[in-house]
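Peer 1: Please find one structure pasted underneath; my questions will follow.
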Amino acid sequence: MIGVKHDDKGEIVAYKLDNGKIISKEEGIIYAENGQIANVRVGVSKKGEKYLRSLPDGNEENNLDNLPEIR
């Protein structure tokens, strides 16, 4: 992934893939569950909501929240 879009609460609602395609959070979860997105996994919040997490690699710059904001 090369970018993300946050909502007004700071939650990620969309992702920009390496190929330039922009997908919703829900699509991202499906892609990740099917192994179509590298270096992420699906987590579950305390509220029971699924979300994407970066796989730990020691590089803070590629954490999803630190990726550039897309418009």
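Peer 1: Quick one: of K21/K50; K21/K46; K16/K50, which pairs are farther than 23 Å apart, Cα to Cα?
Peer 2: Numbers: K21/K50 21 Å; K21/K46 30 Å; K16/K50 18 Å.
From the list (K21/K50; K21/K46; K16/K50), the Cα-Cα distance tops 23 Å for K21/K46.
Peer 1: Starting with the highest mean, order 8-18, 39-49, 25-35 by the number of other Cβ atoms within 10 Å, averaged over the residues of each peptide. Can you show the working numbers first?
Peer 2: On the way: 8-18: 13.4, 39-49: 10.4, 25-35: 15.4.
So the peptides 8-18, 39-49, 25-35, ranked by packing, come out 25-35, 8-18, 39-49.
Peer 1: Could I ask something else about it? Straight-line reach from K47: which lysines fall under 23 Å, measuring Cα to Cα and dropping same-chain residues less than 8 apart?
Peer 2: Cα-Cα hits under 23 Å: K5, K9, K25.
Peer 1: Considering the values (i) 4, 18, 28, 23, 18, 9, 2; (ii) 3, 17, 29, 30, 16, 4, 0; (iii) 4, 16, 20, 19, 16, 12, 10, 3, 0, which represents P(r) over Cα pairs in 5 Å bins from 0, in percent as calculated for the structure under consideration?
Peer 2: Recomputing P(r) over Cα pairs in 5 Å bins from 0, in percent here picks out (ii).
Peer 1: Got the relative contact order for the chain handy, in percent, Cα pairs under 8 Å and 6 or more residues apart? Don't jump to the answer; show the numbers that get you there.
Peer 2: Values: 103 pairs, mean separation 21.0, N = 71.
After rounding, I find 30 percent.
Peer 1: Continuing with the same structure: Which parts of the range 31-57 would a label at D65 reach, counting a residue when its backbone N lies under 18 Å from a point 7 Å out along Cα-to-Cβ?
Peer 2: 40-57
Peer 1: When the helices in the chain are scored as -39500 (n - 2.57) per DSSP H run of 4 or longer and the sum is shared across all residues, what 222 nm value do you end up with, to the nearest 500 deg cm²/dmol? Display every interim value, and only then the final one.
Peer 2: Working: 1 runs with 9 residues, N = 71.
The per-residue figure over the chain is -3500 deg cm²/dmol.
Read-outs throughout are calculated quantities, based only on the coordinates presented, and are distinct from any laboratory measurement. Everything numeric in this text was worked out from a predicted model, so none of it was measured. Positions of Cβ are generated from backbone atoms using ideal geometry, with glycine treated the same way; all protein chains shown enter the neighbour counts.
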